[in-house]
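Shown next, in structure tokens, is the structure this report addresses.
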Amino acid sequence: MTKYIRRAAALCALLLVALLVNATRVQVFQSRAYDDSPANRRPVIARWGQPRGDIVVGGRPVTGSKDTGEQLRYERTYRDGPLYAPVTGFASQRYGTTLLEHAEDPLLDGSDPLLSFLPFWNDITRDRNAGGEVVTTIDAAAQRAAYLGLGARRGAVAALEPATGRILALVSRPSYDPGVLSGNGPSATDAWTRLNGDEGKPMLNRAVRQTYPPGSTFKVVTAAAALDNGVIKDLDARTRSPAPYTLPGTTTSLANEVRGCKNASLRRAFERSCNTVFAKLGVDVGLGAMSDTARAFGFNGADLRIPFSVAPSNFDTEMDRAQLALSSIGQYNTRATPLQMAVVTAAVANGGAVRSPYLVERTTTAAGRTVATTNTRTLRQAMNPGTAKRLRELMRGVVEDGTGTNAAFPHATVGGKTGTAQHGIGNSGTPYAWFIGWAQSDDAMEPQVAVAVVVEDAEARRGDISGGGDAAPIAREVMEAVLKTTDHHLR
């Protein structure tokens, strides 16, 4: 009898071991396959079964969570949704996530292992940590100034802190309320259909995902290339620049919107935005050097993330000399996002060094413990420090005596460049109005803000230099808001 008891006990032990091995196989080694199965609703229920962590601007959350009492219990809510939509994106139970809500999704929904001291234990128990917080670099006053400045017009604004790369404002108009997409009912479906059918494309983040011909604002890059490569040595020396200028290898003449550009010095050509001078300068510099300078500023780079992706800006590397002439004044195939042109401006303001732009200051647990911080990172040196100093001088001239006087404001030194970019078939579209600029308080040691503004449907007459009339006042309000915030923090 004892022999049979021992055999039964051994069999039971063997079955117990087999059961534990199978449980381990299912719970540990095959858990990911079960989690990822479309038939498994538990991860979705768990994902929306607790409040989502918040995105923070200026110490205040601009997001929240609402208890619906349904199976997918918590829906995302937004404070000042249209104002911050280009920063937050949306988090929808039906349509997924975008922008910061997507880039920081694991932290916000509590699944990031960095939120836990024992992440392996969470894998076994299937526990989920409370969602963490994403603290942004956005200056609330600058964001609101940009949003109100654009008003009902289509366009975008990007503002940076030149010394660090911190993004202070990121605005796109028209905008939308991300909260209308949060749920999974008919209202979310209707909102999705309506927003996607809107010809104004309110869900398009024009500040980072739309590229435009930069027009005359690109002359900053051309001037940097000319100065760095010794094509121009004296800002006030007359250039050999005919007006009009016949594009090389063609019979096509390029004219100016203003008079007094023939053989104008670089200073005068920059202040008056002479197309003929800069088109010829680009040809004189040459395709290789122009391409290198554009690349140093960030053009043709496809890997920029802030932490969500940014559309690459373009400067062609294979062109004939006529195309190079047009590209050097921001036309032909040259295209840039507003963020890219803010980076160009920030490099000028920062002695030629290009800082990597970033939107997240730090991430924390729900209890406030820091999970990660973003450090200032230098991407490259776009130009010599001496060239940057001379470009700041030229940009000050634009605001003090040239086309950008609408960007000036008291108690600050302001530099800028206006631009009017042609587009459409045969350049038939209303020109885009551009302004890029930087500002420095009278008592500051270095520029505190760099900004780029583009207005798609400028109100000025087609023949006007509308960058100064439409975009510069918006830039002024943004820069003034940043300087007021900075001065307040210093007191």
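Is it the case, given these coordinates, that residue 429 is open to solvent by 40 Å² or more (accessible area, probe 1.4 Å), of a type outside the set (S, T, N, Q), modelled with pLDDT under 90 and under 26 Å from the mean Cα position of the chain (by Cα)?
No, not satisfied.
Just name the residue that is nearest to residue 331 (Cα to Cα) out of those in the stretch 199-246 that are exposed (fewer than 15 other Cβ atoms within 10 Å of the Cβ) and of a type in the set (Lys, Arg).
240
Is there any pair with a first residue in the stretch 382-406 that is crowded, with 22+ Cβ neighbours inside 10 Å and a second that is of a type in the set (Ser, Thr, Tyr) whose Cβ atoms are under 6 Å apart and which are 6 or more apart or on different chains, and what are they?
Here the result reads 403/273; 403/418; 404/418, each pair linking the stretch 382-406 to a residue that is of a type in the set (Ser, Thr, Tyr).
Please list, ordered by first then second residue, the pairs with beta carbon atoms under 6 Å, 6 or more apart or interchain, first in the stretch 203-225 and within 19 Å of residue 303 (Cα to Cα), second part of a helix (DSSP H, G or I).
Qualifying pairs under 6 Å: 205/86; 207/86; 207/338; 207/339; 208/339.
For the stretch 131-163, give me each residue that is β-branched (Val, Ile, Thr) and in contact with a helix residue (DSSP H, G or I) (Cβ under 9 Å, 6 or more places away or on another chain).
Across the stretch 131-163, the qualifying residues are 134, 136, 138, 157.
Could you please let me know if residue 57 is of a type outside the set (S, T, N, Q) and at pLDDT 95 or above?
Answer is yes for this residue.
Enumerate the pairs (first residue in the stretch 176-202 and within 22 Å of residue 457 (Cα to Cα); second residue anywhere and among the basic types (Lys, Arg) and assigned to a loop (DSSP other than H, G, I, E, B)) with beta-carbon separation below 8 Å, excluding pairs fewer than 6 apart on the same chain, so at least 6 apart or on different chains.
Going by the 8 Å Cβ cut-off, the qualifying pairs are 200/154.
Where in the stretch 46-165 are the helices (runs of 4 or more DSSP H), entirely inside, with at least 2 residues that are open to solvent by less than 60 Å² (accessible area, probe 1.4 Å), under 30 Å from residue 214 (Cα atoms) and touching a strand residue (DSSP E or B) at 6+ places or on another chain (Cβ under 7 Å)?
Result: 81-88, 99-103, 140-150.
Keeping to the stretch 133-188, report how many residues are among the hydroxyl-bearing types (Ser, Thr, Tyr) and under 27 Å from residue 447 (Cβ atoms).
Selection size over the stretch 133-188: 5.
Let me confirm something: among 351, 301, 330, which residue is open to solvent by less than 10 Å² (accessible area, probe 1.4 Å) and either in contact (Cβ under 8 Å) with a residue 60 or more places away in the chain or not in a helix (DSSP H, G or I) (or both)?
Answer to the selection: 330.
The values are calculated or read from the model by the stated rules, or taken from the named source; none is laboratory data. Owing to the predicted nature of the structure, the values given are computational and were not obtained by experimental measurement. Cβ sites come from the backbone with ideal geometry, for glycine too, and all protein chains shown count toward neighbours. Please note that ligands, DNA and RNA were not included when accessible areas were found on the heavy atoms of the full protein model with its side chains. Shrake-Rupley method; radii C 1.70, N 1.55, O 1.52, S 1.80 Å.
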